[in-house]
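Engineer: Take a look at this one; I'll ask things after.
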Amino acid sequence: MFDMFTKKAHLDRELLTISKMVGIYCTDHHADSQVNLCESCQNFLDYAELRLQKCPYGEDKPTCAHCPIHCYKPAQRAQSKVIMRYAGPRMLLRHPILTITHKLDGLIQARHPRELTREQRMQIRNREK
């Protein structure tokens, strides 16, 4: 259980956090989504998962709000803001540990990958393998 909160599982925890947020938003805004996500919310979650998998930071990824790279397309970025503004305050009561770890992750300062030396980029790639 505690593996979910270690640095190694950082991206898995990010995906779990966004999926819980989308679940809260979808349940409250789409009447027919009490069990499963609606098509629109599921498409957004699939897109978010793809972006997480392709993140150039890998396990050293900062939270999206503190990231110097904006990898979401404008429509999905706007949808993300709507979802997070709604679900964010509700996360503390429903998923307190995820909320606290997400806030702690927000303290990570990230440098743009272009600012890293070649050796630093290679170290990140080797850690991911």
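The values are calculated or read from the model by the stated rules, or taken from the named source; none is laboratory data. Just so it is clear, the model here is predicted, and its values are computed rather than measured. Virtual Cβ from ideal backbone geometry, glycine too; neighbours counted across all protein chains shown.
Engineer: Could you say which residue among Glu59, Glu49 is in contact (Cβ under 8 Å) with a residue 60 or more places away in the chain and under 12 Å from the mean Cα position of the chain (by Cα)?
Structural biologist: On inspection, the qualifying residue turns out to be Glu59.
Engineer: Also, I was wondering about something else. Any residue in region 1-22 that is closer than 15 Å to Thr99 by Cα sitting within a Cβ distance under 6 Å of a residue that is at pLDDT 90 or above and charged (D, E, K, R)? List the pairs, counting only those 6 or more apart or interchain.
Structural biologist: Taking only residues 6 or more apart or on different chains, the pairs are Leu15/Glu49.
Engineer: Anything in region 82-110 that is under 17 Å from Gly23 (Cβ atoms) and of a type in the set (D, E, K, R)? List them, or say none.
Structural biologist: Residues satisfying the conditions are Arg85, Arg90, Arg94.
Engineer: Looking only at region 51-107, count how many residues are in a helix (DSSP H, G or I), on the phi < 0 side of the Ramachandran plot and not polar (S, T, N, Q).
Structural biologist: Total meeting the criteria: 33.
Engineer: If you go through region 9-45 one residue at a time, how many are more than 21 Å from Arg85 (Cβ to Cβ) and surrounded by fewer than 16 Cβ atoms within 10 Å (Cβ to Cβ)?
Structural biologist: Qualifying residue count, region 9-45: 7.
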